[in-house]
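Notes for the one structure printed next.
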Amino acid sequence: MTLIRTLLAAASLGVALTATAQEPAAIRKTLVERIPQLEKIDEIRPTAMKGLYEVRVGTDLFYTDTKGNFLIQGELIDTQARRNLTEDRIKQLTAVDFNALPLQDAFVTVRGNGKRKLVVFADPNCGYCKRFERDLLNVDNITIHTFLYPILSPESAEKSRNIWCAKDRTTAWNDWMLRDKTPPAASCDTTALQRNLAFGKKHKITGTPTLLFANNLRIPGAVGAAEIEKRLTEIDASANKVSVAQ
């Protein structure tokens with residue numbers, strides 16, 4: 001059951017529907033009175049659409065009128081600008097600061113001079129991740145930080161543990177992802193994997209692979225080597241412009 005269904009179910013139980021509102025504080029009061037499960041509203045703010053307010057609970061977005069009489073779950077589209085405003089807002093809320101990433105919880109692969117940076121959240125049982133790893137072989141002069149992110153099955157957790165606890169994590173990863181060589185059983189402190197799962201949950205990383213670039217760009221899904229090169233080149237060009245300007 002989705003969050004909105006849970007909220008509506010609670011409202012249908014006879015929660016009092018009183019009060020009116022014109023400002024976010026009053027809207028909050030009304031919604032919490034009517035749907036107590038909304039007591040943890042993080043923010044209420046006006047949207048680009050007149051008379052429509054955004055109600056944010058964590059990174060879940062709802063919309064309401066100026067009086068809190070209606071609650072909508074869905075996407076807000078700016079037809080003139082041809083932009084999905086809900087999607088833009090969620091990207092903003094789930095953005096990851098590349099420089100603040102806990103890189104100690106990832107293992108590193110370096111190719112060439114390693115100057116270019118890429119972070120990958122990957123599940124060892126993810127077929128798309130395997131395809132992505134093969135494509136990534138065609139990208140040189142890069143440092144890849146791989147966060148093991150076992151979300152697909154219990155077997156994913158087992159393989160992630162064996163790879164993380166291997167003497168050479170990069171070799172164990174490549175043996176499995178590129179050569180279908182199952183990583184041997186191993187054990188060690190795997191709290192890093194739990195931190196990866198908590199980090200991904202916080203930032204709404206729901207699929208693998210998920211890529212993060214040094215300019216904070218986030219791309220869900222397996223993309224080809226050409227697309228990766230394009231993004232890395234854009235970052236290099238931007239950095240060069242800044243260097244020249246200084």
> Under a no-solvent Debye model with one identical scatterer per Cα of the range 110-246, what's log10 I(q)/I(0) at q = 0.20 Å⁻¹?
Replying inline: -1.22
> Which of the peptides 220-230, 178-188, 118-128 is most tightly packed, and how do the rest follow, going by the mean number of other Cβ atoms within 10 Å of each residue?
Replying inline: 118-128, 220-230, 178-188
> What FRET efficiency, computed as 1/(1 + (r/R0)^6) with R0 = 35 Å and r the Cβ-Cβ distance, is obtained for Gln37 and Gln104, rounded to the nearest 0.05?
Replying inline: 0.40
> What do you get for Rg/Rh over the chain if you use C-alpha atoms and the Kirkwood form of Rh?
Replying inline: 1.07
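All other residues with a Cβ under 15 Å from the Cβ of Trp176 taken together, and with Lys, Arg as +1 and Asp, Glu as -1, what is their net charge?
So the surrounding residues net to +2.
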> Relative to the present Cα-Cα distance, how much length would full extension add between Asp97 and Ser238 at 0.36 nm per residue of separation?
Replying inline: 49.0 nm
> For the chain, what are the DSSP H helices with axial Cα length of 20 Å or more and mean Kyte-Doolittle hydropathy of at least -0.5?
Replying inline: 225-245
> What is the local net charge at Val223, summed over the other residues whose Cβ is closer than 11 Å to its Cβ (Lys, Arg +1; Asp, Glu -1)?
Replying inline: 0
> Hey, with R₀ at 41 Å, roughly what FRET efficiency would Leu178 and Gln73 work out to, going by the Cβ-Cβ distance, to 0.05?
Replying inline: 0.45
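Read the figures in this text as sums done on the coordinates, not as results from a lab. Everything numeric in this text was worked out from a predicted model, so none of it was measured. Glycine gets a Cβ as well: all are built from the backbone with ideal geometry, and neighbour counts include every protein chain shown.
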